[in-house]
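In what follows, a single structure is set out as structure tokens and then discussed.
The values are calculated or read from the model by the stated rules, or taken from the named source; none is laboratory data. Not measured: the values here are computed from a predicted model. Here the Cβ is made from the backbone with ideal geometry for all residues, glycine too, and neighbour counts use every protein chain on show.
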Amino acid sequence: MRQFVLPGSWGGEPSCVITGRDARRLSGVLRLVPGDSFPALGPDGSPYTCSIVAASASSVTLRVDAAPAQPAGYLPDIRAGKTSDPLSRAGAPAAFRVRLPSITLAIGALQGSKLDDVVRAATEAGVATIIPLITARSVPAERIGGRMDRLRRIVAEALGQSGSPTPTMLREATSIAALCEAYPPVAGSRLGLFFHELPLAQASIHRYCTDVPEEIVACIGPEGGFDDDEIRALFTGGFVPAWLGPTVLRAETAAIFAVASLRIVCLERFSWSMIE
């Protein structure tokens, strides 16, 4: 664990009592004891520092103090008796301390554990918002509704394990029409992309991101992709098509491939070479 995610029930008090699985993890697995401190994120994504006041197998009492935002870099692993690597404390090289756009991933609701895997990986990769999409070929809305608590636990675990400074938020499942209304692309501010297996793209990802928008909304279809009506709705809503190459990817693979492509293109933009 590199940071702890405070429970949604915590209301900003100076202390927080942790019970259940999280308490067993802190005291039993990580072997943290009174006096140990570690970074944490509040339910709203604000940074805090937690210090253990009392600990048992079933309950851990934390003192919670506000903390400054995390610098770019890597948080050390939190474990009793483990000293952090100097490289972990050094932060990222200056060349990589660049502003990255906020990424919203809208992914067609997938079956079984596939959506779990996408949510976990996207959280680790620093995606700001994850939205399950209800489409013609996705899992029905009623089946996703019952999985939202589990998905939120996965987000919290992934934030803790990865140390991502981006407080990933999981939104309720929505339709493409509602997504287009809530996240309308705006030139120079919000870029809307949808990924399709056919080469519908009007430009490369590199070209789309040349002006580095403040936010990127990336839409990935479910297994079988978006149907024709959904593609028309995305075009009408201002989204533009992007392409990940001449192989057909599984939906869960495409989601992570898309996020990785967007992050690397934006992160390394200082070294771009534009060739006409």
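So in the range 109-130, with the set limited to residues that are of a type in the set (Ser, Thr, Tyr) and within 8 Å of the chain's Cα centre (by Cα), which one is surrounded by the most Cβ atoms within 10 Å (Cβ to Cβ)?
Here the answer is Thr123.
Would you check which residues across the range 145-184 are surrounded by 19 or more Cβ atoms within 10 Å (Cβ to Cβ) and out of contact with any helix residue (DSSP H, G or I) (no Cβ under 8 Å at 6 or more places or on another chain) and list them?
Ala156, Gly160, Gly163, Thr166, Leu179, Tyr183
Quickly run through the range 25-56 and pick out the residues that are in a loop (DSSP other than H, G, I, E, B) and not aliphatic (A, V, I, L, M).
Arg31, Pro34, Gly35, Asp36, Gly42, Pro43, Asp44, Gly45, Ser46, Ser56
Here are Leu193, Leu200: which of them is at pLDDT below 95, assigned by TED's automatic domain parsing to the domain that holds Cys219, in contact with a helix residue (DSSP H, G or I) (Cβ under 9 Å, 6 or more places away or on another chain) and within 24 Å of Leu249 (Cα to Cα)?
Leu200
Is it true that Gly237 is more than 30 Å from Val5 (Cα to Cα) and buried (at least 16 other Cβ atoms within 10 Å of the Cβ)?
yes
Select, from Ile220, Ile176, the only residue that is touching a Cys at 6+ places or on another chain (Cβ under 9 Å), among the β-branched types (Val, Ile, Thr) and more than 30 Å from Tyr48 (Cβ to Cβ).
Ile176
Just wondering, is there one or more residues in the range 245-263 that are over 23 Å from Pro140 (Cβ atoms), crowded, with 19+ Cβ neighbours inside 10 Å and in contact with a Ser or Thr (Cβ under 9 Å, 6 or more places away or on another chain)?
No, the range 245-263 contains no residue that is over 23 Å from Pro140 (Cβ atoms), crowded, with 19+ Cβ neighbours inside 10 Å and in contact with a Ser or Thr (Cβ under 9 Å, 6 or more places away or on another chain).
Collect the residues in the range 203-239 that are assigned to a strand (DSSP E or B) and touching a helix residue (DSSP H, G or I) at 6+ places or on another chain (Cβ under 9 Å), keeping them in residue-number order.
Matches in the range 203-239: Ile216, Val217, Ala218, Cys219, Ile220.
Out of the residues in the range 170-198 that are assigned to a loop (DSSP other than H, G, I, E, B) and either among the small types (Gly, Ala, Ser) or over 28 Å from Pro246 (Cβ atoms) (or both), which is nearest to the chain's Cα centre (by Cα)?
Ranking the qualifying residues of the range 170-198, first place goes to Arg171.
Being outside the structural domain of His196 (by TED's automatic domain parsing), farther than 26 Å from Val259 by Cα, at pLDDT 90 or above and surrounded by fewer than 18 Cβ atoms within 10 Å (Cβ to Cβ) narrows it down to one of Ser56, Ser15, so name that one.
Ser15
Checking the structure you have, find out if any residue of the range 238-260 is hydroxyl-bearing (Ser, Thr, Tyr), within 18 Å of Asp211 (Cβ to Cβ) and modelled with pLDDT of 85 or more.
no
So, in the range 123-145, how many residues would count as being closer than 22 Å to Val5 by Cβ and either in contact with a His (Cβ under 9 Å, 6 or more places away or on another chain) or assigned to a loop (DSSP other than H, G, I, E, B) (or both)?
So the answer is 4.
Does the range 208-227 include one or more residues that are free of Cβ contacts under 8 Å to residues at least 24 places away in the same chain and either under 30 Å from Pro47 (Cβ atoms) or among the polar types (S, T, N, Q) (or both)?
yes
May I ask you to list pairs of residues, at least six apart or on different chains, whose Cβ atoms are under 6 Å apart, with the first in the range 138-152 being free of Cβ contacts under 8 Å to residues at least 60 places away in the same chain and the second being part of a loop (DSSP other than H, G, I, E, B) and surrounded by 16 or more Cβ atoms within 10 Å (Cβ to Cβ)?
Cβ pairs passing all conditions: Ala141/Ala173; Ile144/Ala109; Ile144/Ala173.
Do we have Val248 as part of a helix (DSSP H, G or I) and assigned by TED's automatic domain parsing to the domain that holds Leu115 here?
no
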